[in-house]
Amino acid sequence: MGIKWLLDGHPVYIVSTWLGSRAACIMMYHLLLQTVNTQQSAGVSRGQLQLLQYELDGKDVEKAVNELSQVASGGSLYVIADEVIERSHVKIFCDKLLTRVPHLHLWAASCLHGDAPTGWQVEYLTRPLRSPPAVVREVEQSDMIYPQFVVKSYSERGVTDHTDGPPVRLLSHRKQGHSDGQPGDCVTCGREVASFLHSLRVGVTENVTTASTTVPFTTGGTPPSCLQWRDVLVLHWGGFSENSGMMNTLIEAGIPVRVMKDDDVEDVATARSDVVWVTDGDSVRGLERKVVVCLDGAYDSVRLQLYCLSRCTAQLMYILSTTRVVLTD
């Protein structure tokens, strides 16, 4: 819809409603900008694109409504909000904006159901088309999905699964030789992650048969034939120190790894730097990578299963900090 509106000559506003939606909205902004710039170079006129960031926790609701209503052209406004937060102030924002802008075109997305403003049209997209079945089965174990608690259950895929995907690599942090504390503090876990990434030949520059990779929006061109470091995310749910045992071990193993800070969000969203980013899963909602390493912890495994494991589009490594019971037929 963003592309359609822009090519129709309308100004489009990408609105980030909270800190956790910033990465997804920045990614969308750059993707739309790249697409419409290509169209414009071919002689097609377009509308203007703008990224706006708010914290709709109460203090920014009036500010956002006022600013957006003022830029409405002829009573029309075109807004896209991705990864909206699951709180009532988003409903207030939408309803107030609608009273100020009679011809409001607002598309918003969230993985949670039941939070849309009353009377607004809602569509549920439940077919798992991005992650392979092996990853989908792990995500489905989150209690936030079953039995349709706050997230709709997956429906049938509707297309043939040509492969189950690479087997999910499960690692127990509680095995002998692992340290106390969380997986991110564990040198042994760090060695396992480093060995795992090297076994995938991540960063190898020679021609290999691994699938094509994420290409940073700023470079363009044909993607290389091997996995790059930028194709990898290490996700946790809680705290993670730059001087942790895992970080130091990964660096010693020659892996370019960085902990994401607030100033790095755009870099991560656009896959600009060829590094392995380590971050809280709440900070990268909406982003995806081919290889994802998830560190279970003592905080909220249910949310980690939903928000972190689902970021993987190919190869998943899941480090468990508790004993896992596997039931078989």
For a quick check of your reading of the model, give me the residue pairs whose first member lies in the range 280-293 and is surrounded by fewer than 24 Cβ atoms within 10 Å (Cβ to Cβ), whose second is at pLDDT below 90 and assigned to a strand (DSSP E or B), with beta-carbon atoms closer than 8 Å and at least 6 apart or on different chains.
ASP280/HIS236
The strands (runs of 3 or more DSSP E) lying entirely within the range 1-104 that contain at least 2 residues which are surrounded by 19 or more Cβ atoms within 10 Å (Cβ to Cβ) and at pLDDT 95 or above are 12-16, 76-81
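Test LEU112 against the criterion of being more than 23 Å from THR270 (Cβ to Cβ), part of a strand (DSSP E or B) and open to solvent by less than 60 Å² (accessible area, probe 1.4 Å), and give yes or no. Step through it out loud before you land on a result.
Values: more than 23 Å from THR270 (Cβ to Cβ): yes; part of a strand (DSSP E or B): no; open to solvent by less than 60 Å² (accessible area, probe 1.4 Å): yes.
In short, no.
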Which of the following residues is under 19 Å from the mean Cα position of the chain (by Cα) and within 21 Å of LEU287 (Cβ to Cβ): ARG137, ARG127?
ARG127
Could you list, in sequence order, the residues of the range 260-295 that are closer than 16 Å to ALA194 by Cα, aliphatic (A, V, I, L, M) and outside any loop (DSSP other than H, G, I, E, B)?
VAL276, VAL278, VAL291, VAL292, VAL293, LEU295
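Residue under question is ARG191, and the condition is that it be open to solvent by 60 Å² or more (accessible area, probe 1.4 Å) and part of a helix (DSSP H, G or I); does it hold? Talk me through it step by step, then tell me what you get.
On the way: open to solvent by 60 Å² or more (accessible area, probe 1.4 Å): yes; part of a helix (DSSP H, G or I): yes.
Yes; evaluated as a whole, the condition is true for this residue.
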Here is a list: VAL136, VAL168. Which entry is among the aliphatic types (A, V, I, L, M), at pLDDT 90 or above, in contact with a strand residue (DSSP E or B) (Cβ under 6 Å, 6 or more places away or on another chain) and surrounded by 11 or more Cβ atoms within 10 Å (Cβ to Cβ)?
VAL168
Meets criteria (more than 18 Å from the chain's Cα centre (by Cα) and not in a strand (DSSP E or B)) for VAL122
yes
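Kindly evaluate ARG230 against the criterion of being crowded, with 19+ Cβ neighbours inside 10 Å and modelled with pLDDT of 90 or more. Spell out the reasoning first.
Working: crowded, with 19+ Cβ neighbours inside 10 Å: yes; modelled with pLDDT of 90 or more: yes.
Yes.
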Restricting the search to the range 115-124, which residues are charged (D, E, K, R) and buried (at least 16 other Cβ atoms within 10 Å of the Cβ)?
ASP115
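The values are calculated or read from the model by the stated rules, or taken from the named source; none is laboratory data. Keep in mind the model is a prediction, meaning the values are calculated, not measured. All Cβ positions, glycine included, derive from the backbone under ideal geometry; neighbour counts span all protein chains shown. Each accessible area value is taken on the protein alone, full model and side chains, heavy atoms only, with ligands, DNA and RNA left out. Shrake-Rupley method; radii C 1.70, N 1.55, O 1.52, S 1.80 Å.
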